[in-house]
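The values are calculated or read from the model by the stated rules, or taken from the named source; none is laboratory data. Given the structure is predicted, the values throughout are model-derived calculations rather than measurements. Cβ sites come from the backbone with ideal geometry, for glycine too, and all protein chains shown count toward neighbours. Ligands, DNA and RNA are excluded from the accessible area calculation, which covers all protein heavy atoms including side chains. Shrake-Rupley method; radii C 1.70, N 1.55, O 1.52, S 1.80 Å.
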Amino acid sequence: MTPSRQLPSHSVQQSTSPVAASTLAGTAAGPPARGLGIDSLVAAVAVIIVAGTGGALTRLDDWYYALKQPAFKPPDWAFGPAWTVLFFMIAWAAVVGWRAGSRRDPSPRLRMLTLLAINALANVGWSLLYFFLRRPDWALAEVVILWGSIVTLILHFRPYAPRAAVLLVPYLLWVSFAAVLNFEAVRLNR
């Protein structure tokens, strides 16, 4: 066992700022923490549930591989990484919107949660229709609802959480591209 040594008092940094000291001590002085919090955890869990449900409904089987696809369709392996990035950005936008909404009166949080729930249902609904029920034609009609729900979220976030609105733009672009792929699959497989 080694005897413990005390460091000389001059080796301890004495210049900790009051905000840093209160942050280290866990007190409320200074601005609120902007890192990961319970809101981030809730957003991550919600996104995992939506992504997992949509993924569970996505069957790449003989029916899917027999569909004629447009030449510009990305390889199937590219969809997983693309959706992973998009779901991360959706969760990030939700956290940004949640935090910005707490500073407004009346709070837009309830409307944000309602719009996110509608979007989640539309997202899962598209996978249900296209892959599980094997109805690309119905999915083509439903993708209009999904697209509209994303536009509505962007317009909702824009006045009070513009960064959240910007985070959803890649999602809108991807769903727009997916709608074109969906249209082409319906057209090519009449």
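Please verify whether the stretch 121-139 includes one or more residues that are hydroxyl-bearing (Ser, Thr, Tyr), over 28 Å from Leu155 (Cβ atoms) and at pLDDT 95 or above. If you could, list the steps in order and put the result at the bottom.
Let us first name the residues in the stretch 121-139 that are hydroxyl-bearing (Ser, Thr, Tyr), namely 127, 130.
Still in the running and over 28 Å from Leu155 (Cβ atoms): none.
So far as the stretch 121-139 goes, no, none of its residues is hydroxyl-bearing (Ser, Thr, Tyr), over 28 Å from Leu155 (Cβ atoms) and at pLDDT 95 or above.
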> If you go through the stretch 96-113 one residue at a time, do you hit one that is of a type in the set (S, T, N, Q) and modelled with pLDDT of 95 or more?
Replying inline: no
> Can Thr58 be described as more than 28 Å from Arg190 (Cα to Cα), open to solvent by 40 Å² or more (accessible area, probe 1.4 Å) and among the hydroxyl-bearing types (Ser, Thr, Tyr)?
Replying inline: no
>> Out of everything in the stretch 131-148 that is touching a residue at least 12 places away in the same chain (Cβ under 8 Å) and aromatic (Phe, Trp, Tyr), what residue ends up being least open to solvent (accessible area, probe 1.4 Å)?
In response: Phe131
> Can you name the residue in the stretch 92-128 that is touching a Lys or Arg at 6+ places or on another chain (Cβ under 8 Å) and open to solvent by 50 Å² or more (accessible area, probe 1.4 Å) and is also farthest from Gly55 (Cα to Cα) among such residues?
Replying inline: Ser102
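If you go through the stretch 64-79 one residue at a time, do you hit one that is among the aliphatic types (A, V, I, L, M) and open to solvent by less than 20 Å² (accessible area, probe 1.4 Å)? Spell out the reasoning first.
Going residue by residue through the stretch 64-79, those that are among the aliphatic types (A, V, I, L, M) are 66-67, 71, 78.
Next, from what is left, pick out any that are open to solvent by less than 20 Å² (accessible area, probe 1.4 Å): none.
Within the stretch 64-79, none of the residues are among the aliphatic types (A, V, I, L, M) and open to solvent by less than 20 Å² (accessible area, probe 1.4 Å).
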